[in-house]
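Reading through the structure tokens given below for one structure.
The values are calculated or read from the model by the stated rules, or taken from the named source; none is laboratory data. The shown structure was predicted, so the numbers you read here are calculated from the model rather than taken from an experiment. FYI the Cβ positions are ideal-geometry reconstructions off the backbone, even for glycines, and counts take in every protein chain you see.
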Amino acid sequence: MKYIKTQILWAGLILLVLLPVFRGFSQEITITVDARKPGAPIQPTMWGLFFEDINFGADGGLYAELIKNRSFEFDSRLMGWESFGGVTVHEENPCFDRNPRYVRLSYTTELNTTGLENRGFSGIGLKAGEKYRFSLYGRSRGEAPVILLIQLVSRGNDILNTREITIEGKEWQKYEAELTATATDAQARLRILVKERGGCADLDHISLFPAKTWKNRPNGLREDLVQALADIRPGLFRFPGGCIVEGTTIDTRYQWKNTVGPVENRPLNINRWNYIFAHRRFPDYYQSLGLGFYEYFLLSEDIGAMPLPVLNCGMSCQFENSDDHQHCKVENLEPYIQDALDLVEFANGPGTTHWGKLRSDMGHPAPFNLKYIAIGNEQWGELYPERLKPFIDALRAKHPEIKIVGSSGPYPDGKEFDYGWQEMRRLKADLVDEHYYRPPEWFLAQADRYDSYDPQGPKVFAGEYACHTQSRKNSFEAALSEAAFMTGLERNAAVVHMTAYAPLFAHYDNWQWRPDLIWFDNLNVVRTPSWYVQQLYSTLDGTHVLTTTSLGKPLTGQNGLYASSVTDEKTGDIILKIANTSSETRKVNYLIRGGAKGPLTADRYLLTSSGKEDENTPEEPFRVAPRKEQVNLAGAEFTLSLEPASFQVFVIHQK
Ligand code: AHR
């Protein structure tokens, strides 16, 4: 009997201990949102984009030029071209002094044909019925005019359209033609033939653009890809890198002055992503710089995003250059610093200044309203602050209105990260750029990352982040982990002022790095599950944070739940974001203190999928995408039943 009594006592004790645990899992959870006193403002720059020319994001991607190696400046001069007959490359008496090489087509009598074919970027994407603008610079080598046949040719070698261009005179001139594609083909070619024997002409800067570009601009951008940026309604646009800024060597760093002025004379640069990953080499990856700083500022303006240019701080990529001598010496930094000052002038200066005039001549007399500049990408160690300081001094002296973003290095924690932050505080950087490419568990564990950051110190720019699952796919699991983590960004809007997923673009046939926010081929664009998460946060951003707690604490993973809330002072809406990362349905009671009484309507956005590995593809682009519906809520207190593995946003209309 005594034995049984002891057993019962023990069982009771165990139950007593375990009860709260069970309750935690099975019981309804109450979340309180305090709408009586809105907290920190959400900065207009909070949800941003970061563009780098990686994965053929610029040439072969966003930049709508369809011809690869249009200026014959690649190290292998005819790379991207197939030549037949009398084709040679020259550089004497060039058309463009900074891109001096050009091609000579000489159809001599013993040959059967002479010409060139360009295969674009894994083919040229043509759409039936669409117009394409062809242009080249040419001069005749003889007295007689030279007739060229310009042809769009399908993958199967059918001619989709032909135009004739007659090259006349011995001086370089621009020639143009418009061709309509008679069929859709993702891997078409451009062919140029000399029509008759005896013809000899020099040709340079051979270009083909769709007539329909973003806003139909010449030298334009791919409309569907820009639309995928615009639809996020980003508040910030970081450009041009990333490691691209640093260059593998200091000579191949990104230099913004090479990217402005006439496109024909912007000197080609090799792209570091050409060779940097031995397992994914792309020997034909170069930067034409056709998408340069003018186009970038214009695009930022178009999509309503604050530009955030990143400039080289006098250091080449530290991953590639362990020897300190491979960076610019501190005493030689003057031209780098001048580049930063001149960039501000190019963006904001009046037309009476040198760089302001160039911007105006390029077509934008009004300033671009630049307010931020980042110096350095992923720099670490002592070499960085000693270089950053003179930049800060010069910028503060001449442009105190510009806020400066410094780097905390490539990792989100550790010795270098702590040192980086300490130095950024000492140098009084306005914002500090943090980067994290980490697995789902890391993102889920870091939802409280910014809860302890000092709101008085430099603000945070989460400048490059993405959840890397084992498969490295843009899977639903990655997107859900990011969504959960981002509640912590939103909750801490007092310290986090800017964020950006990375990288932005990837060409299905030409990528070096994944996951990426947007995938594309020559004809299609695919928005990933992560894209939808970014869009939900950015378009449903609100204006102020609302304190959101359960049992007095922020929801940072209790029962697999992550939550944050904002109010929108313009509309009066209250916007709840909640991720359920568990595999069970969760019942949640919301209590909105200060919320409107009586029945209310809300828009509910639900992002979920049955499989962790689910992704969007060209065949199934909307497999993982939010569903929107209207729901009725009882009032300021209501119960939600949250689907397992889901991210939801509720926009509650208070009026
Ligand atoms: O986003 C890809 C690369 O990741 C960036 O170029 C670099 O900053 C980081 O290491």
request  = Filter the range 225-244 down to the residues that are more than 16 Å from the ligand (Cβ to nearest atom) and part of a helix (DSSP H, G or I), then identify the one that is farthest from GLY60 (Cα to Cα).
outcome  = ALA230
request  = Out of the residues in the range 276-285 that are of a type in the set (Phe, Trp, Tyr) and touching a helix residue (DSSP H, G or I) at 6+ places or on another chain (Cβ under 7 Å), state the one that is surrounded by the fewest Cβ atoms within 10 Å (Cβ to Cβ).
outcome  = PHE282
inquiry  = Pull out all pairs, ordered by first then second residue, where Cβ-Cβ is under 6 Å, the residues are six or more apart or on different chains, the first lies in the range 409-427 and is within 14 Å of the ligand (Cβ to nearest atom), and the second is assigned to a helix (DSSP H, G or I).
reply    = GLY409/GLU416; GLY409/PHE417; GLY409/GLY420; TYR411/PHE417
message = Suppose we filter ASN269, ASN216 for residues that are of a type in the set (S, T, N, Q) and either away from the ligand (no atom under 16 Å from the Cβ) or under 20 Å from GLU301 (Cα atoms) (or both); which single one remains?
response = ASN216
message = Please return the ranges of strands (runs of 3 or more DSSP E) entirely within the range 499-555 where 3 or more residues are away from the ligand (no atom under 16 Å from the Cβ) and under 22 Å from PHE650 (Cβ atoms).
response = 544-549
query = Name the residues in the range 446-466 that are within 25 Å of the chain's Cα centre (by Cα) and more than 16 Å from the ligand (Cβ to nearest atom), would you?
reply = GLN446, ALA447, ARG449, TYR450, PRO458, LYS459, VAL460
message = Looking only at residues that are hydroxyl-bearing (Ser, Thr, Tyr) and touching a residue at least 40 places away in the same chain (Cβ under 8 Å) in the range 355-391, which one is nearest to the ligand (Cβ to nearest atom)?
response = TYR384
inquiry  = Condition first: modelled with pLDDT of 95 or more, surrounded by fewer than 17 Cβ atoms within 10 Å (Cβ to Cβ) and part of a loop (DSSP other than H, G, I, E, B). Can you find one or more residues in the range 22-36 that meet it?
reply    = yes
ask   = Conditions: (1) farther than 17 Å from PRO440 by Cα; (2) surrounded by 17 or more Cβ atoms within 10 Å (Cβ to Cβ). ARG627 meets all but one. Number of the miss?
value = (2)
task = Look at the range 481-498 and say how many of its residues are among the aliphatic types (A, V, I, L, M), part of a helix (DSSP H, G or I) and out of contact with any strand residue (DSSP E or B) (no Cβ under 6 Å at 6 or more places or on another chain).
result = 1
task = Restrict the check to the range 411-419 and report whether at least one residue is hydrophobic (A, V, I, L, M, F, W, C) and surrounded by fewer than 21 Cβ atoms within 10 Å (Cβ to Cβ).
result = yes
query = Right, GLU73: outside any strand (DSSP E or B), of a type in the set (Asp, Glu) and either in contact with a Pro (Cβ under 9 Å, 6 or more places away or on another chain) or within 23 Å of PRO210 (Cβ to Cβ) (or both) or not?
reply = yes
query = Quick one: is THR539 surrounded by fewer than 20 Cβ atoms within 10 Å (Cβ to Cβ) and either touching a Leu at 6+ places or on another chain (Cβ under 7 Å) or at negative phi (or both)?
reply = yes
request  = Go through the range 542-576 and give me each residue that's on the phi > 0 side of the Ramachandran plot and either surrounded by fewer than 22 Cβ atoms within 10 Å (Cβ to Cβ) or β-branched (Val, Ile, Thr) (or both).
outcome  = LEU551, GLY552, GLY557, ASN559, GLY560, GLY572
note = Residue hits (the range 46-57; part of a loop (DSSP other than H, G, I, E, B) and buried (at least 24 other Cβ atoms within 10 Å of the Cβ)) are PHE51, GLU52, ASP53, ILE54, ASN55, PHE56, GLY57
query = What number goes with the only condition from (1) without any contact (Cβ under 8 Å) to a residue 60 or more places away in the chain; (2) of a type in the set (Gly, Ala, Ser); (3) in a strand (DSSP E or B) that SER610 does not pass?
reply = (3)
task = Within the range 227-261, track down each residue that is of a type in the set (Gly, Ala, Ser) and in contact with a Cys (Cβ under 8 Å, 6 or more places away or on another chain).
result = GLY247
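Okay, residues lined up against (1) of a type outside the set (A, V, I, L, M, F, W, C); (2) on the phi < 0 side of the Ramachandran plot; (3) away from the ligand (no atom under 16 Å from the Cβ):
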position	(1), (2), (3)
ILE31	no, yes, yes
PRO38	yes, yes, yes
ILE42	no, yes, yes
MET46	no, yes, yes
ASP53	yes, yes, no
GLU65	yes, yes, yes
PHE74	no, yes, yes
query = Which residues, counting only those in the range 245-264, are within 18 Å of PHE505 (Cβ to Cβ) and not in a helix (DSSP H, G or I)?
reply = TYR254
task = Could you tell me whether any residue of the range 276-288 is in a helix (DSSP H, G or I), under 20 Å from the mean Cα position of the chain (by Cα), within 16 Å of the ligand (Cβ to nearest atom) and at pLDDT 95 or above?
result = no
Condition met for GLN456 (in a loop (DSSP other than H, G, I, E, B), over 30 Å from GLU615 (Cα atoms) and of a type in the set (S, T, N, Q)) = yes
message = Any residue that is closer than 23 Å to HIS205 by Cα, free of Cβ contacts under 8 Å to residues at least 24 places away in the same chain and out of contact with any Leu (no Cβ under 8 Å at 6 or more places or on another chain) - is there at least one of those in the range 263-272?
response = no
